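Engineer: Sending over a structure as structure tokens; questions will come in a sec.
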Amino acid sequence: MIGMLFRSQLRNVLRSRWVYVHAGFFAVLGETLYQAGGSAAGMQVAMMNIVLIVLPLIAIVYGAIYVHGAREFYEVLAAQPVRRRDIFVSSYIVVGGALAGCYILGAGIPLAVHAETCADVASAAMLVAAGALLTLVFTAVAFAVAIGIHDRARAIGAALMLWFYFSLLYDGIVLYLFYALSDYPAEPFALAFTFLNPVDLARIALTMQFDVSALMGYTGAVFEQLFGTGLGLAAAFAALLLWAGVPFLIAQRLFTRRDF
Amino acid sequence: MITLDAITKSYGKFRALDGVSIAFPQGGTTALLGPNGAGKTTALKIMLGLARPDTGTVCWDGHRVNGAHAFRNGIGYMPQIGRFPENLTVAEFLTMIEGLRAAPAARLDAMLERFELSSQSSKRLKDLSGGTRQRVCAVMALMFDVPVYILDEPTSGLDPMMSRRLKDAVRAEKEAGKTVVFTSHIMSDIEELADHVVFLLEGRAVFDGPIEALAGGAGVERAIAALLEARAT
Amino acid sequence: MKAFPLPGFFARWMLASAILCFAAQATCAARTIRVDRGGAVPSVAAALRLAAPGDDIVIAAGRYEEGGLDVLCRVTIRGEGNPMVTARGRGGVFIVRANGVSIRDLAVGETGRSDIEDRAAIKLVGVRDCIIERVTVRDAFFGLYLSKSARCTIRDCVITRRATNESSSGNGIHSWSGDSLLIENNRIEGHRDGIYLEFTKHTFVIGNTSIGNVRYGLHFMFSDDNTYERNVFTRNGSGVAVMYTHRVHMRGNVFSRNWGGAAYGLLLKEITDSEIEDNLFEGNTTGLYAEGGARILVRDNVFRGNGWAVRLMANCTDNTFTRNAFLRNTFDVSTNSTSSSSAFRENHWEAYRGYDLDRDGIGDVPYRPVRVFSYIVAKNPPAIVLLNSFIVGLLDVTERVLPTITPIALSDARPLMQPPRGRRP
């Protein structure tokens, strides 16, 4: 039964041209950056900067629009003898999976084609994995927002605000706090705060691949221990999964209790 | 027998249903009427479990159904607005709905034929007009041979011929002893189909009885006007 | 095993040995004394007692457990089959007090550590024209220790230890008050400083590899007129630090992978009238750090993948950076000053986004390599965790359009569109 929900929704999403635009965008972006920079490492760094901003934006806006567009469809489904949870889970996995899959494919091809060294392959894999996880995180946030807020315009507005918060405002506040509290030792917090923002988490994990020398500066030992080892990297990715899981559970709870 | 017992439902400050109790007789056809915002659709959704009442209970044959889902195997539901996953074809959509149910859609082909959708079944849903979508909704409800049909404004948006075919189909179910609950604004439809009427006004059932009692032989429209007037004074 | 002389007897014993040496020199021609554990001369100490100037002492393969070996006349000590002379953790091994001594082809070490004396595998005290060659030094507190020595050569030696902190080890090659030394093709690993020079002048340090030392790969102070060429300094605790010295020449060295808050590929403090050419700075937290330097020419170097490629403190004056390539550094140049008296011209900056309409290979708009974020990080080090964030990108772009904090004077008016010829990595 849930298989039927999956198949139909996946077919529906894969027939939408937007997912291919999504994949094509990252493929073209990667290739363009490679042509402009001329090196795999240069391409990856530039790509990281764009991925960290654009991917959450696409995921959160597309997710919110999808949920609102599917509202009457959810109503039809909920009037059938199926569990609400099955409707929600299949819907999330289809949307998140399609976006993540298209990103992996779109970004993965130029990254794989132009990887020159083992280090390139490793950092490309990190870039793909972190981007896919960020997609899942922000799709879950989008679902929570769009299910929780009934008005479509408000929901999309709230989604954009959240994107703005995670992408810019949060870091701005942190930067301000570093300044305002520069008399206090901020190092312990510097690391903790990255865990409170999925974009920062992904950014630091990736920055460890590209700007490791700089990060080894002040908070070097802490960072090396945390992100330089397989275990720390696993912790970062686990935290990202948690960041997807919590809004997912909130959204699921809202979905199973909502009125159509 | 479906019963709503002391159902209250608010959306924010707006009280959609205010202590409504209705018993829908088995094998009867009940029309829910009332002006816009009176709570007709809310009542249907609460029966289906699409919305949760703030207080009160919904019983199907004496069993409470809050939170359950299997009982919907016995219902054919036609929503007011038919919006579907736009990139699926009519056939794919109906097959999906069929796949979610315990029993197969025995009357799928007959209903496609009746609503003249056979030739459109490979079209994408986004390419259909509003009226055609409404026909897909009708098929979705009537393709199952089930004891209960719940139809929300079934004839709105249908052309006269399709409207006629829908009513014929409903009448056939009625004659087969099925329970039908529908909402409508169209008085002729109500007079034609309903044998029982519930009139909702501002979230309350101000009338609940056989259609003959409401009309008093003078027509439903006049009876409703009288009810509204009595309310205003 | 030879007993270690008590201090009271030490001077007398030394005197006796010296007299023996001179006596032997007067009477015989050069001989070869074979040291073999089963032979007539079973210990190095015995051989040294027999030796006269010009003699060869050949040590056969095996392990010789002796230390405090004073070399008091001009002999050549060499191993056959790689013998090991070990002090078994109880002090220094060889102490050379005569000019012209050669020590070759053997292993020495295991001096143990001491907080009172400078225990060394081989110590040269006030000598000239000595050669230490192809010697393996294992687990010595100090490896090779030169004190007031001149015209000595240390070549093809391998000096290793596993130091864990700065006080648990001395330096690999240590020279105090030396002159005209040649330190060539050695490998030093796991000491406090790999190579340490103090008041040591006119010295060539060439082709050495100094790796994984706890403090500095190379460390010198007050050591004028030295030349450092084709050395590799990598993964040292704090990189390379050179201080209070004039006329330093550094060419073709590699400074790499020195990571940490106080780690520098090359730290220059009060260095003047010097040249830094053709070096590679790669993957260091800070590539080149200069404090109080003057008239330093930094030319034709490659800075690649460093956190900070170049950090210039405000008290640096009249330094010139030209024809360097700055590739994929997080920060190309940072400074704590809003003005600059150092000149940058005709460097290649990978981050340069200008254009070259007249196709002369030189960008038509100047490049300003100082990012505003480097100021923020200088004031609030933990802010480095915001690297690559959107807000930092916005700040940098804003600053580029409307410079308010970064020094306008610190700019390269003639940036090279391509890395200088032959230096493309």
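The values are calculated or read from the model by the stated rules, or taken from the named source; none is laboratory data. Nothing here was measured: the structure is a model prediction, and the numbers come from that model. Positions of Cβ are generated from backbone atoms using ideal geometry, with glycine treated the same way; all protein chains shown enter the neighbour counts. Each accessible area value is taken on the protein alone, full model and side chains, heavy atoms only, with ligands, DNA and RNA left out. Shrake-Rupley method; radii C 1.70, N 1.55, O 1.52, S 1.80 Å.
Engineer: Which residue is farthest from the chain's Cα centre (by Cα), if the candidates are limited to segment A:98-108 and must be more than 13 Å from A:Met43 (Cα to Cα) and hydrophobic (A, V, I, L, M, F, W, C)?
Structural biologist: Checking each candidate, the answer is A:Leu105.
Engineer: If a residue must be aliphatic (A, V, I, L, M) and assigned to a loop (DSSP other than H, G, I, E, B), how many such residues does segment B:150-173 contain?
Structural biologist: 1
Engineer: Could you check B:Asp208 against (1) open to solvent by 60 Å² or more (accessible area, probe 1.4 Å); (2) part of a helix (DSSP H, G or I); (3) of a type in the set (Asp, Glu) and say which number it fails?
Structural biologist: (2)
Engineer: How many of the residues making up segment A:167-191 are at pLDDT 80 or above and more than 8 Å from every other protein chain (Cβ to nearest Cβ)?
Structural biologist: Within segment A:167-191, residues that are at pLDDT 80 or above and more than 8 Å from every other protein chain (Cβ to nearest Cβ) number 6.
Engineer: Separate question: Return the pairs, sorted by first residue and then second, in which the second residue is crowded, with 16+ Cβ neighbours inside 10 Å and not aliphatic (A, V, I, L, M), the first residue lies in segment B:201-212 and is closer than 14 Å to B:Asp5 by Cα and free of Cβ contacts under 8 Å to residues at least 40 places away in the same chain, the beta carbons are less than 8 Å apart, and the residues are 6+ apart or on different chains.
Structural biologist: none
Engineer: Still on this structure, I have one more. Using beta carbons and a limit of 8 Å, which pairs, at least six apart or on different chains, have the first residue in segment A:43-55 and farther than 9 Å from A:Leu127 by Cα and the second one surrounded by 24 or more Cβ atoms within 10 Å (Cβ to Cβ) and among the β-branched types (Val, Ile, Thr)?
Structural biologist: A:Leu52/A:Val199; A:Leu55/A:Thr135
Engineer: Turning to a different aspect of this structure: Consider C:Thr27 carefully, then state whether it is hydroxyl-bearing (Ser, Thr, Tyr) and either at pLDDT 95 or above or touching a strand residue (DSSP E or B) at 6+ places or on another chain (Cβ under 7 Å) (or both).
Structural biologist: It is false that C:Thr27 is hydroxyl-bearing (Ser, Thr, Tyr) and either at pLDDT 95 or above or touching a strand residue (DSSP E or B) at 6+ places or on another chain (Cβ under 7 Å) (or both).
Engineer: Looking at this structure, is B:Gly28 closer than 30 Å to A:Leu10 by Cα, in contact with a strand residue (DSSP E or B) (Cβ under 7 Å, 6 or more places away or on another chain) and either among the hydrophobic types (A, V, I, L, M, F, W, C) or surrounded by 15 or more Cβ atoms within 10 Å (Cβ to Cβ) (or both)?
Structural biologist: Against the criterion (closer than 30 Å to A:Leu10 by Cα, in contact with a strand residue (DSSP E or B) (Cβ under 7 Å, 6 or more places away or on another chain) and either among the hydrophobic types (A, V, I, L, M, F, W, C) or surrounded by 15 or more Cβ atoms within 10 Å (Cβ to Cβ) (or both)), B:Gly28 does not qualify.
Engineer: Looking at (1) part of a helix (DSSP H, G or I); (2) at pLDDT below 95; (3) in contact with a helix residue (DSSP H, G or I) (Cβ under 8 Å, 6 or more places away or on another chain); (4) crowded, with 19+ Cβ neighbours inside 10 Å, find the lone condition where A:Thr135 falls short.
Structural biologist: Going through the list (1) part of a helix (DSSP H, G or I); (2) at pLDDT below 95; (3) in contact with a helix residue (DSSP H, G or I) (Cβ under 8 Å, 6 or more places away or on another chain); (4) crowded, with 19+ Cβ neighbours inside 10 Å, A:Thr135 breaks only (2).
Engineer: Taking C:Ala120 as the residue in question, decide whether it is of a type outside the set (Val, Ile, Thr) and open to solvent by less than 20 Å² (accessible area, probe 1.4 Å).
Structural biologist: Yes: the conditions hold for C:Ala120.
Engineer: While we're looking at this one, here's another question. If you check B:Ala70, B:Ala138, B:Ala110, which single one turns out to be more than 8 Å from chain A (Cβ to nearest Cβ) and open to solvent by 30 Å² or more (accessible area, probe 1.4 Å)?
Structural biologist: Matching residue, one of B:Ala70, B:Ala138, B:Ala110: B:Ala110.
Engineer: State yes or no: is C:Leu357 of a type outside the set (Lys, Arg), surrounded by fewer than 24 Cβ atoms within 10 Å (Cβ to Cβ) and at pLDDT 90 or above?
Structural biologist: Yes; evaluated as a whole, the condition is true for this residue.
Engineer: Here is a follow-up. Mind listing whichever residues of segment C:37-54 are of a type in the set (A, V, I, L, M, F, W, C), closer than 16 Å to C:Val85 by Cα and touching a residue at least 12 places away in the same chain (Cβ under 8 Å)?
Structural biologist: The answer is C:Val44, C:Ala45, C:Ala47, C:Leu48.
Engineer: Right, another one. Could you check segment A:138-160 and list, in sequence order, the residues that are farther than 21 Å from A:Arg85 by Cβ, touching a Leu at 6+ places or on another chain (Cβ under 9 Å) and open to solvent by 20 Å² or more (accessible area, probe 1.4 Å)?
Structural biologist: If the condition is that a residue be farther than 21 Å from A:Arg85 by Cβ, touching a Leu at 6+ places or on another chain (Cβ under 9 Å) and open to solvent by 20 Å² or more (accessible area, probe 1.4 Å), then A:Leu160 is the only one that fits.
Engineer: Right, here's the next one. The conditions are (1) under 17 Å from B:Arg204 (Cα atoms); (2) within 18 Å of the chain's Cα centre (by Cα), and B:Gly19 fails exactly one of them. Which is it?
Structural biologist: (2)
Engineer: Go through segment A:46-71 and report how many residues are open to solvent by less than 40 Å² (accessible area, probe 1.4 Å) and within 14 Å of chain B (Cβ to nearest Cβ).
Structural biologist: The total comes to 5.
Engineer: Being free of Cβ contacts under 8 Å to residues at least 40 places away in the same chain and over 10 Å from A:Gln80 (Cβ atoms) is the filter here; which residues of segment B:78-107 pass it?
Structural biologist: Hits for segment B:78-107 are B:Ile81, B:Asn87, B:Leu88, B:Thr89, B:Ala91, B:Glu92, B:Thr95, B:Ala102, B:Pro104, B:Ala105, B:Ala106, B:Arg107.
Engineer: Only helices (runs of 4 or more DSSP H) wholly contained in segment B:85-147 count here; list those with 1 or more residues that are hydroxyl-bearing (Ser, Thr, Tyr).
Structural biologist: B:90-99, B:130-142
Engineer: Here's a follow-up. Answer yes if at least one residue in segment C:406-417 is open to solvent by 20 Å² or more (accessible area, probe 1.4 Å), modelled with pLDDT under 85 and farther than 26 Å from A:Leu55 by Cβ, and no otherwise.
Structural biologist: Yes, because at least one residue in segment C:406-417 is open to solvent by 20 Å² or more (accessible area, probe 1.4 Å), modelled with pLDDT under 85 and farther than 26 Å from A:Leu55 by Cβ.
Engineer: Sticking with this structure for a sec: Out of the residues in segment B:32-52 that are open to solvent by less than 10 Å² (accessible area, probe 1.4 Å), more than 14 Å from B:Ile150 (Cα to Cα) and in contact with a Gly (Cβ under 9 Å, 6 or more places away or on another chain), which is nearest to the other protein chains (Cβ to nearest Cβ)?
Structural biologist: B:Gly39
Engineer: Something else about it: Are there any strands (runs of 3 or more DSSP E) wholly within segment C:98-193 with 1 or more residues that are polar (S, T, N, Q), and if so which?
Structural biologist: Strands (runs of 3 or more DSSP E) meeting the threshold: C:102-104, C:136-138, C:142-147, C:153-155, C:158-160, C:173-176.
Engineer: The conditions are (1) within 14 Å of chain B (Cβ to nearest Cβ); (2) touching a helix residue (DSSP H, G or I) at 6+ places or on another chain (Cβ under 9 Å); (3) not basic (Lys, Arg), and A:Gly101 fails exactly one of them. Which is it?
Structural biologist: (1)
Engineer: Can I ask one more? Within segment C:328-349, is even one residue out of contact with any Lys or Arg (no Cβ under 6 Å at 6 or more places or on another chain), open to solvent by 60 Å² or more (accessible area, probe 1.4 Å) and more than 26 Å from C:Leu268 (Cα to Cα)?
Structural biologist: no
Engineer: Ok, one more. Is it the case that B:Met78 is under 16 Å from A:Tyr74 (Cα atoms), of a type in the set (A, V, I, L, M), within 14 Å of another protein chain (Cβ to nearest Cβ) and crowded, with 22+ Cβ neighbours inside 10 Å?
Structural biologist: yes
Engineer: Condition test on C:His191, is it in contact (Cβ under 8 Å) with a residue 12 or more places away in the chain and open to solvent by 10 Å² or more (accessible area, probe 1.4 Å)?
Structural biologist: Answer is no for this residue.
Engineer: Separate question: Can you tell me which residue within segment B:83-107, out of those that are out of contact with any strand residue (DSSP E or B) (no Cβ under 8 Å at 6 or more places or on another chain), of a type outside the set (A, V, I, L, M) and within 7 Å of chain A (Cβ to nearest Cβ), is most open to solvent (accessible area, probe 1.4 Å)?
Structural biologist: Among residues in segment B:83-107 that are out of contact with any strand residue (DSSP E or B) (no Cβ under 8 Å at 6 or more places or on another chain), of a type outside the set (A, V, I, L, M) and within 7 Å of chain A (Cβ to nearest Cβ), the one most open to solvent (accessible area, probe 1.4 Å) is B:Arg83.
Engineer: I need a count of the residues in segment C:249-301 that are open to solvent by 20 Å² or more (accessible area, probe 1.4 Å), hydrophobic (A, V, I, L, M, F, W, C) and within 12 Å of another protein chain (Cβ to nearest Cβ).
Structural biologist: Here the count works out to 2.
Engineer: Please work out if C:Asp300 is in contact with a Lys or Arg (Cβ under 8 Å, 6 or more places away or on another chain) and in contact (Cβ under 8 Å) with a residue 60 or more places away in the chain.
Structural biologist: Yes: the conditions hold for C:Asp300.
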